[in-house]
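Heads up, the thing below is written out as C-alpha cells.
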Amino acid sequence: MKKFVFILSIVAASSFLNKANAQCDTIANICAKHIISTFISDGQQYRALLLNSEETAEFHSTFFGETTYRIAACSGTSDGNLVFNIYDQERNLLFTNRKQKNAPYWDFKVKSTLETIIEAQLDANRNPGSGCAVILIGFKQK
C-alpha cells in the first residue's frame, strides 16, 4: 500500500509540473509580443513558478555597455500582473515597473557593462493566485 501511495504521489507531482510548464510556455509566448522586431532576444526565458504574491523570483543578467535593451515581464494572459525590479550588484534599485503601473516592458541603454539582479513578484491586487513569472530580454543590434 505504501508503494502505491508513493507512486500515486509521483504521478500527481509530475502532472502538476507538466501543467506548470505548459502554463509558462503559454505566458512566454504572450510575453514575446513585447520583444518587437527592432530587438533581438537574448535566447533566454527566465521563468519561476510563484505560488503567491509574497514570493519573489530572482534572476541574474549582465547588460553590456552602449547597448539598448528591452525587458519584458509577464504573468497570466494580460499585461500588468507582474512587478519587476532591477538592481545593481550592491542592490541599488535601478528601475521598478511598479511606478509605471506595472508596465509589461522597459527600454533602457547602459553606458558600461553592468551585472544586475532582476526580481519579479505577482501583484496581489491584479493576480492574487499563483502563476508563472516570465522575464524576456532583447537587445538592439548595433
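Given the condition at pLDDT 95 or above and of a type in the set (Val, Ile, Thr), answer yes or no: does some residue in the stretch 99-112 qualify? Scanning the stretch 99-112 turns up no residue that is at pLDDT 95 or above and of a type in the set (Val, Ile, Thr).
Each row is one residue, and each column tells you yes or no for (1) outside any strand (DSSP E or B); (2) aliphatic (A, V, I, L, M).
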site: 49; (1), (2): no, yes
site: 54; (1), (2): yes, no
site: 62; (1), (2): no, no
site: 65; (1), (2): yes, no
site: 71; (1), (2): no, yes
site: 84; (1), (2): no, no
site: 87; (1), (2): no, no
site: 95; (1), (2): no, no
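Residue count for the stretch 99-142 under the criterion of being of a type in the set (A, V, I, L, M, F, W, C), surrounded by 13 or more Cβ atoms within 10 Å (Cβ to Cβ) and over 11 Å from the mean Cα position of the chain (by Cα): the result is 7.
Listed conditions (1) assigned to a loop (DSSP other than H, G, I, E, B); (2) at pLDDT 95 or above; (3) buried (at least 20 other Cβ atoms within 10 Å of the Cβ) are all met by residue 76, apart from (2). Contact map, the stretch 98-116: first residue touching a residue at least 60 places away in the same chain (Cβ under 8 Å), second residue among the basic types (Lys, Arg) and part of a strand (DSSP E or B), Cβ cut-off under 9 Å, separation 6 or more or different chains; pairs are 105/70.
The values are calculated or read from the model by the stated rules, or taken from the named source; none is laboratory data. Everything quoted here is computed from the prediction, not taken from an experiment. Please note: Cβ atoms are built from the backbone with ideal geometry, for glycine as well, and neighbour counts cover all protein chains shown.
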